[in-house]
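Note sheet for the following structure.
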Amino acid sequence: MFILDYLFRPIPGSPFNFYIPLLVLGILLIAGGFVMIKLIRKRKDDRAFRKLMNNIPGKCFWIGVLILLNIGARHERFPLVGSRFVMFLILGYLLYVTVKLIRDYRKKLPLMREQFKESPMQKKYTTKKY
């Protein structure tokens, strides 16, 4: 209830007591970016996974850095960078990327794996044109 009260209170100078959860979220996103890099490198043979998840580590890094920047600006009381609106934009983008990632992982990945799957008959090389 305190989160909703903070987010939708019209008073601009309301206290911000969510430094630790957002700090943990930012650090987890940056660490998750490193984990995704390791996972992508580990799955060298799965071309569909590599193609679909290639841009996820960069997005994790940038969202994590933006959250940490917003927290630092709030702590130092920079009015524009540490505003609620910027926090709404960052968290909204994080939600969008998460939903898109889950949807792509469930729907697109199996289709791409089928597309990249090659049977031994397809690898047969001949000199004939057709």
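The values are calculated or read from the model by the stated rules, or taken from the named source; none is laboratory data. All figures in this text were calculated on a predicted structure; none of them were measured in a lab. All Cβ positions, glycine included, derive from the backbone under ideal geometry; neighbour counts span all protein chains shown. Heavy atoms of the whole protein, side chains included, go into the accessibility calculation; ligands, DNA and RNA do not. Shrake-Rupley method; radii C 1.70, N 1.55, O 1.52, S 1.80 Å.
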(request) Hey, can you tell me all the residues within the stretch 69-80 that are open to solvent by less than 30 Å² (accessible area, probe 1.4 Å) and either in contact (Cβ under 8 Å) with a residue 40 or more places away in the chain or not aliphatic (A, V, I, L, M) (or both)? (result) Asn70, Ile71
(request) Could you look through the stretch 35-68, keep only residues that are assigned to a helix (DSSP H, G or I) and open to solvent by 100 Å² or more (accessible area, probe 1.4 Å), and pick out the one that is farthest from Leu23 (Cα to Cα)? (result) Arg47
(request) State the number of residues belonging to the stretch 19-34 that are surrounded by 13 or more Cβ atoms within 10 Å (Cβ to Cβ) and of a type in the set (A, V, I, L, M, F, W, C). (result) 7
(message) Please go through the stretch 51-78 and give me each residue that is of a type in the set (Phe, Trp, Tyr) and under 27 Å from Pro110 (Cα atoms), ordered by number.
(response) Phe61
(message) It is to be established whether one or more residues within the stretch 13-32 are within 30 Å of Lys117 (Cβ to Cβ) and not small (Gly, Ala, Ser).
(response) no
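From the residues in the stretch 92-115 that are in contact (Cβ under 8 Å) with a residue 24 or more places away in the chain and of a type in the set (A, V, I, L, M), which one is least open to solvent (accessible area, probe 1.4 Å)?
Leu109
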(message) Could you check the stretch 18-50 and list, in sequence order, the residues that are more than 30 Å from Arg74 (Cβ to Cβ), in contact (Cβ under 8 Å) with a residue 40 or more places away in the chain and touching a helix residue (DSSP H, G or I) at 6+ places or on another chain (Cβ under 7 Å)?
(response) Arg47, Ala48, Phe49
